[in-house]
Amino acid sequence: MSVNAWLLFAALSILPAFSPGPGLLLTLSNSLRFGSRITLWSAWGNTVGIAILGMAVTFGLGAIMAASATAFLVLKLVGGAYLVWLGIKTWTDRSSFIETSKENTNPGPYKLFFTGVGIALTNPKALAVLVSIIPPFLTGPDKLLQEGAILSLTYAAICMFSHLVVALLSGQFRLFITSQRRLPYLRRTIGSTFVGFGIALAAASR
């Protein structure tokens, strides 16, 4: 892969990486609930998940999803159900976004990390983007592993940067956004958005 091709891929990746989706919404939610620093664990998990998804696309996941109705149905139902569950949990949890010093309110870095991985692997936007932008930059089967790794890690790194930006900005405005008067609206907005993403995924067609 030439440097020019890689630069073009990186440029094409910026807009989808910074566009709203389940991954960025999770980072926003976690940053408001637990603070920017601990949220980096979910951002890192999302990055790892995106890299794994990119390699899966490189080795034919997109083709499998297009060819197999059963595989596509399983993916969209599992992913959709997961997003809907996160949305309902956020909507109904009255303790969400309330700042507290109790240690048991912090889910811990590993739980945040694996939640980020799960969101990335069931992210319909990420899958659609990677299926669209990775295959055109693959030059042949002899360089599939090398080029797939470069492209997947590049997109994952740009996504990580977008999550850092969201985490830092939301952390700066955390006290203002999570005031007692705004908390119910914040929970409902984020929860309903997760549910919306889940329903959209479950209803998606090939």
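Based on the mean of other Cβ atoms within 10 Å per residue, sort peptides 150-156, 139-145, 42-48 so the most packed one is first.
In decreasing order of mean packing, 150-156, 139-145, 42-48 become 42-48, 150-156, 139-145.
Summing Lys, Arg as +1 and Asp, Glu as -1, what charge do residues with Cβ under 13 Å from the Cβ of MET1 carry, MET1 excluded?
That works out to -1.
What Kirkwood radius, in Å to one decimal, follows from the Cα pairs of segment 119-173?
Mean inverse Cα-Cα distance, inverted, gives 12.8 Å.
None of the figures in this text is laboratory data; all of them are computed from the coordinates on show. Keep in mind that this is a model prediction, so the values were computed, not measured. Neighbour counts are summed over all protein chains in view; Cβ atoms, including those assigned to glycine, are modelled from backbone coordinates with ideal geometry.
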